[in-house]
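Have a look at the structure below, then the notes.
The values are calculated or read from the model by the stated rules, or taken from the named source; none is laboratory data. Because the structure is a prediction, the values reported are computed rather than measured. Quick reminder, even Gly has a Cβ in these numbers, built from the backbone with ideal geometry, and neighbours come from all protein chains shown.
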Amino acid sequence: MIKVTLKDGVVKEFDKAVTVNEIAKNISEGLARNACCGIVDGHVQDLRFVVDKDSEVAICTFDDEDGKKAFRHTASHMMAQAIKRLFPETKLAIGPSISDGFYYDFDRETPFTHEELEAIEAEMKRIAKENIELERFTMPRDEAIKFMKEREEPYKVELIEDLPEDAEISFYQQGEFTDLCAGPHLLSTKNVKAVKLMSVAGAYWRGSEKNKMLSRIYGTAYTKASDLEAYLTMLEEAKKRDHRKLGKELKLFALLDEGQGFPFFLPNGMIIKNTLIEYWREIHKKAGYVEISTPIILNRQLWERSGHWDHYKDNMYTTSIDDVEHSIKPMNCPGGMLVYKQEMHSYRDLPLRVGELGLVHRHEKSGALHGLMRVRCFTQDDAHIFMTQDQIKDEIKGVVKLIDSVYQLFGFKYHVELSTKPEDSMGSDEDWEIATDGLRGALEDMGMDYVVNEGDGAFYGPKIDFHLEDSIGRTWQCGTIQLDMQMPERFELEYTDKDGTKKRPVMIHRVCFGSIERFIGILIEHFAGQFPTWLAPVQVKVLPISEKFEEYAKKVADELTEAGIRTETDYRAEKIVYRVREARNERVPYIVVVGEKDLEANKVSLRSRVDGDEGQKDLSEVIARIIEEVKTRKR
RNA sequence: GCUGGUGUGGCUCAAUGGUAGAGCACUUCACUCGUAAUGAAGGGGUUGCGGGUUCGAUUCCCGCCACCAGCUCCA
């Protein structure tokens, strides 16, 4: 039973909770006329809905996604209201709620300064204090256009003009401010007090590069000041896990001016990269893959044949060899095709799974570069699977399982997207349908959750993408499975079927890590630099208490190294606390300290990253433990 | 590529229209130590690059470059 205070003060009880969006839908269908949601007095996390026609009430909480959206959407309107008060000449574009807050796009002669942002925030707080009620009303399309023309809001006029001619256009009004909006909103501005404007950035009108760039202000809002504080603290914490910061601190990789977007791997980073590759080879061998390596530079003719030249040449690096134009590979597939064509294939050979750790180069726009996440040269853990049409589903399932097992190992959360035929594509609609159905069918069979990304496929086929999160919740595409019926056609790939006729195989392009560089970036942020023992660049650090025990420390370190454990020593004439501190800052999983009492007992003192000081142990026990962790790839 | 912001020793940051300073790190010396910073001394910067204004620019102005946030893009 839910008690709700209605707008007119009447308390009603309901046994059914309905979400904000359901109500909003009712409104758009004309079933209800006025809907807002608000915060029930005394329970700031409860939002309420009032529908004035027949007093239907729906309730949701701020913890609901819908409730958060309504709350932050109102905050966004309040920001627009504040800006109209302070800078009346500003033109309004659009302002929705987003996952961690809201934004609003504005058109103004001069960009917003930091000081202006503070003034806007202060004005928003004033608007909250004024406790302004929000009212929804509608008018026919032509009236709505007139209304916004009078107010000199060209962007709003354009938005309304794009709506159907017979549409009833809804508006939300709060005091002197009225905005074109589908809602829903809070009942009043009064509870939107914990507001913070985060940043100003450019954003194209309607998301198109061809349009004018507007000023976008990002902000966030919470029902409680303490929640806002917690959010800001979380962001601060996340910054400490940034792979670019940790990459430098832990000496994993470097990004230098001498090669913008071309990462350098330092010895520590190289251990992680090589260890990942070792793991990759192991699981692929088990899954029935063979491995090849194809050249980095191949001639232009090949790229014309694959279609990459037509679709992608602006992003390819080119060079000339003996007056013949060549390109550095942006993808491995054409090389893979040529390898397939090296011999005749029987249906008995299929599916043929061919892996390649290929270094590819792509000219990404300078503004798109981001640490290891988006670079201009990276290693794809690629593979091409050649198969018959009736093997499609099983092969896709096999790859999905393989990718899932990789992500499980690290404890990654991920989401899956199915991307369909883009505008600029090759191949027949029929081929695309077969391919898309194959991918969708595999996902459905496996009961996987996925979102459909219309028109976002590769030019040669649809794809399933796996997205992983970084420390502040941005997601990056890592794994991908692409089904391709075009390349086999273009390269005239064949196999001999049971009846002796030549048939065309279907192929899958797929990666698990995606880019090893990006994957390492995600790993660094996920583990905050505290890699599982099997990946840690240094697994054990041996520290003698003082110079007197250096000899014993050396003996211990030698034994650890002999057992295949990555061991470092620190014999510097620094205090033991100092050297322990450094080893901890380096995120070394195990620290072994040796002094007088250890020497006497022929033992070592162990500190593990997980359990802290563990006291004296036999060295053989420590070795066995680390080896077991490495073997099982314990997290 | 676009919009905005930032740019000072290896790192984190301070200062100023009169040619730069701290901590950490590094080197040396002393301490010989029991689980997150022992002390002292020393070396290290053409203040991102190029112009302009000025008697004088690291500081003010312009251009470029790089980085950061977002947008666009990501076959």
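Give the number of residues within segment A:492-513 that are more than 14 Å from residue A:435 (Cα to Cα) and either among the β-branched types (Val, Ile, Thr) or surrounded by fewer than 20 Cβ atoms within 10 Å (Cβ to Cβ) (or both). The total comes to 13.
Restricting attention to segment A:99-150, which residues are in contact with a Phe, Trp or Tyr (Cβ under 6 Å, 6 or more places away or on another chain) and surrounded by fewer than 14 Cβ atoms within 10 Å (Cβ to Cβ)? Passing the criteria: only A:137. Taken over segment A:274-295, the criterion of being surrounded by fewer than 18 Cβ atoms within 10 Å (Cβ to Cβ) and within 21 Å of residue A:407 (Cα to Cα) is satisfied by A:274, A:277, A:278, A:279, A:281, A:282, A:283, A:285, A:286, A:287, A:288. For segment A:575-635, the strands (runs of 3 or more DSSP E) that sit wholly inside it and include 2 or more residues that are crowded, with 18+ Cβ neighbours inside 10 Å and more than 6 Å from RNA strand B (Cβ to nearest atom) are A:590-594, A:604-608. Number of residues in segment A:515-560 that are under 20 Å from residue A:241 (Cβ atoms) and not hydrophobic (A, V, I, L, M, F, W, C): the value is 11. Only one of the listed residues (A:543, A:535, A:493) is within 11 Å of RNA strand B (Cβ to nearest atom), of a type in the set (A, V, I, L, M, F, W, C) and in contact with a helix residue (DSSP H, G or I) (Cβ under 6 Å, 6 or more places away or on another chain). That residue is A:543.
Can you find, within segment A:456-485, the residue that is surrounded by the most Cβ atoms within 10 Å (Cβ to Cβ) among those that are more than 10 Å from RNA strand B (Cβ to nearest atom) and either closer than 21 Å to residue A:345 by Cβ or among the β-branched types (Val, Ile, Thr) (or both)? Ranking the qualifying residues of segment A:456-485, first place goes to A:483. Pairing residues of segment A:391-418 that are part of a loop (DSSP other than H, G, I, E, B) with residues that are of a type in the set (A, V, I, L, M, F, W, C), at Cβ distances under 6 Å and at least 6 apart in sequence or on separate chains, gives A:412/A:468. When we screen A:251, A:245 for residues that are part of a helix (DSSP H, G or I) and among the basic types (Lys, Arg), the only hit is A:245. Considering segment A:292-305, the residues that are more than 9 Å from RNA strand B (Cβ to nearest atom) and out of contact with any Asp or Glu (no Cβ under 8 Å at 6 or more places or on another chain) include one that is nearest to residue A:489 (Cα to Cα), namely A:305. The condition (being of a type outside the set (Val, Ile, Thr), modelled with pLDDT of 95 or more and touching a Lys or Arg at 6+ places or on another chain (Cβ under 8 Å)) is satisfied by just one residue among A:219, A:261, A:307, A:288: A:288. Residue count for segment A:423-444 satisfying the condition of being at pLDDT 90 or above, within 14 Å of RNA strand B (Cβ to nearest atom) and touching an Asp or Glu at 6+ places or on another chain (Cβ under 9 Å): 1.
Among the residues of segment A:322-357, just one is hydroxyl-bearing (Ser, Thr, Tyr) and within 16 Å of RNA strand B (Cβ to nearest atom), namely A:327. Looking at segment A:224-237, is at least one residue at negative phi, assigned by TED's automatic domain parsing to the domain that holds residue A:97, touching a helix residue (DSSP H, G or I) at 6+ places or on another chain (Cβ under 7 Å) and of a type in the set (S, T, N, Q)? Taking every residue of segment A:224-237 in turn, none turns out to be at negative phi, assigned by TED's automatic domain parsing to the domain that holds residue A:97, touching a helix residue (DSSP H, G or I) at 6+ places or on another chain (Cβ under 7 Å) and of a type in the set (S, T, N, Q). For residue A:170, the test of being within 16 Å of RNA strand B (Cβ to nearest atom), farther than 30 Å from residue A:539 by Cβ and not assigned by TED's automatic domain parsing to the domain that holds residue A:588 is failed. Within segment A:556-574, the set of residues being near RNA strand B (Cβ under 10 Å from one of its atoms) and among the aliphatic types (A, V, I, L, M) comprises just one member, A:573. Filtered by the rule that a residue be basic (Lys, Arg) and either at positive phi or within 14 Å of RNA strand B (Cβ to nearest atom) (or both), segment A:249-286 gives a lone residue, A:251. The single residue among A:298, A:359 that is surrounded by fewer than 17 Cβ atoms within 10 Å (Cβ to Cβ) and either in a strand (DSSP E or B) or touching a residue at least 40 places away in the same chain (Cβ under 8 Å) (or both) turns out to be A:359. Summed over segment A:587-621, residues that are touching a residue at least 40 places away in the same chain (Cβ under 8 Å) and under 23 Å from residue A:272 (Cβ atoms) total 7. Counting only residues that are within 9 Å of RNA strand B (Cβ to nearest atom) and either in contact (Cβ under 8 Å) with a residue 40 or more places away in the chain or of a type in the set (Asp, Glu) (or both), segment A:213-230 holds 4 of them. Residues that are within 11 Å of RNA strand B (Cβ to nearest atom), at positive phi and touching a residue at least 60 places away in the same chain (Cβ under 8 Å) do occur in segment A:500-518. Of the residues screened, residue A:618 is one that is among the acidic types (Asp, Glu), over 43 Å from the mean Cα position of the chain (by Cα) and at pLDDT 95 or above. For residue A:87, the test of being under 23 Å from residue A:220 (Cα atoms) and within 16 Å of RNA strand B (Cβ to nearest atom) is passed.
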